[in-house]
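Scroll down for the structure; my scribbles are underneath it.
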Amino acid sequence: IIKNRNTLYKYEDTKHKDTRTMGFLLGAFGKLAAGRRVRQLQAQMMRVQSRLRRATRDVSEMEKNLQRQEQAQLNAVAAQGMMAKQSALGQILGGDQSAFQALQQTIASGGTLSAEDTQKYNNWSSMYTQGSTTIGAYNEQWISQMKQQVSDNFEMLRETQLEPLKDEEEMLQTEKDSLESQIQIAQQDYEACKKMEQADAKNLAPNYTGQG
């Protein structure tokens, strides 16, 4: 057996060399793939976040607009009801309204009514009380019905215009949550591959031993 005494070095554990090389390559390529995956997911996340911000803004603006419009219509109904009530109250006594108001002013100023005027005043007061009660009840019912109609109309608007925006916002939020999980997993894969690459790179370093 002839030994080469000029050999300057040899690799130790040669039976493990192929395994270490494969681990190094798997780590290196795995790190590249995981890094690319992280960047792709982060770019996708930026697009989803942008869409989510727009959807959230659209939902908020739509809600505010519908609330303002609904409140404006409810206020208009109340004002219209008040005007109608005042107009109806003025018609209770018909042509006797001015005379009744004159008697009211006389009493308010401390004056004394004749027996005839007192009888007229009492009759008119009774008529006015009964009429105003009836008008008030009818007016309240009318206002309540009109307000309910306004509320129903805006509820329909919310279902047809606002709910689709909320559905989109919810969908984008779900997609964002999913991407966050995927990015976290991809980052963990990247770090694992990076450690594998570094560990096998150290093991591949030659161990030099001289021979006499």
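The values are calculated or read from the model by the stated rules, or taken from the named source; none is laboratory data. Keep in mind that this is a model prediction, so the values were computed, not measured. Methodologically, a virtual Cβ is constructed for each residue, glycine included, from the backbone with ideal geometry; neighbour enumeration extends over all protein chains shown. Accessible surface areas use protein heavy atoms only, side chains included; no ligands, DNA or RNA. Shrake-Rupley method; radii C 1.70, N 1.55, O 1.52, S 1.80 Å.
Below are the figures for this structure:
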item	result
Top-ranked residue in region 195-212 [being assigned to a helix (DSSP H, G or I) and either out of contact with any helix residue (DSSP H, G or I) (no Cβ under 6 Å at 6 or more places or on another chain) or open to solvent by less than 70 Å² (accessible area, probe 1.4 Å) (or both); ranked as modelled with the highest pLDDT]	Lys195
Residue among Met62, Met146 that alone is open to solvent by 50 Å² or more (accessible area, probe 1.4 Å), among the aliphatic types (A, V, I, L, M) and assigned to a helix (DSSP H, G or I)	Met146
Subset tally (residues that are modelled with pLDDT of 95 or more and polar (S, T, N, Q)) for region 161-177	2
Test: Thr133 is open to solvent by 80 Å² or more (accessible area, probe 1.4 Å), under 13 Å from Ala88 (Cα atoms), assigned to a helix (DSSP H, G or I) and free of Cβ contacts under 8 Å to residues at least 40 places away in the same chain	yes
Residue in region 3-14 that is modelled with pLDDT under 95, part of a helix (DSSP H, G or I), open to solvent by 60 Å² or more (accessible area, probe 1.4 Å) and not hydroxyl-bearing (Ser, Thr, Tyr) present	no
Residue in region 86-106 that is polar (S, T, N, Q) and open to solvent by less than 40 Å² (accessible area, probe 1.4 Å) present	yes
Checklist (1) surrounded by 14 or more Cβ atoms within 10 Å (Cβ to Cβ); (2) in contact (Cβ under 8 Å) with a residue 40 or more places away in the chain; (3) in a helix (DSSP H, G or I); (4) not charged (D, E, K, R) applied to Met127, failing item	(2)
